[in-house]
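Scroll down for the structure; my scribbles are underneath it.
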Amino acid sequence: MTTTTTRLYCLVVDDSLVVRKVARRILNSLKFNVDEAENGQVALDLCGTLMPDLILLDWNMPVMSGIEFVRAFREKYGAVSAKVIFCTTQGDVEHIRDAAAAGANDYIIKPFDAAMLRRKIEAVLGIAA
């Protein structure tokens, strides 16, 4: 992934176990260490323990939605912390605009594949994945 031996850390936040497992498989193939969270509150708690380099974030989740998470995350940790890519079925312009305004770095529409996710990660992190 990079020229160093350090593996980047990604947190996959989605209420769907299937989506989390698919994302994990892709991210592992890109040499990321991966953790999973089933909602935004669990993700926010995990970020307090170990800050990820990248967060893949669903919009619609119970307890704390993706947009609620990114707002709380940016308020608590700022814009220079982890990069956030929304991975959601919400593909309309209003959702994309709201995500960017809340502090998301990019946006990908489900379903996604390995090539698509790789391109987004490369663009957001500025690396060759």
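FYI, it's all coordinate maths here, none of it is from the lab. Note that the structure is predicted; figures quoted are calculated from it, not measured. Counting neighbours? That spans all protein chains shown, and the Cβs are built from the backbone with ideal geometry, glycine included.
Computed across the range 24-127, the Kirkwood radius stands at 13.8 Å (inverse of mean 1/r, all Cα pairs). The Cα atoms of the range 66-129 define a convex hull whose projected area, averaged across directions, is 4.3 nm². Note on Val63 and Ile109: the extension gain reaches 14.4 nm, defined as 0.36 nm multiplied by sequence separation minus the Cα-Cα distance. Between Thr89 and Ser29, the distance separating the two model label sites (each 7 Å from Cα on the Cα→Cβ line) works out to 2.4 nm. What separates the Cα centres of the range 95-124 and the range 1-72 is a distance of 13 Å.
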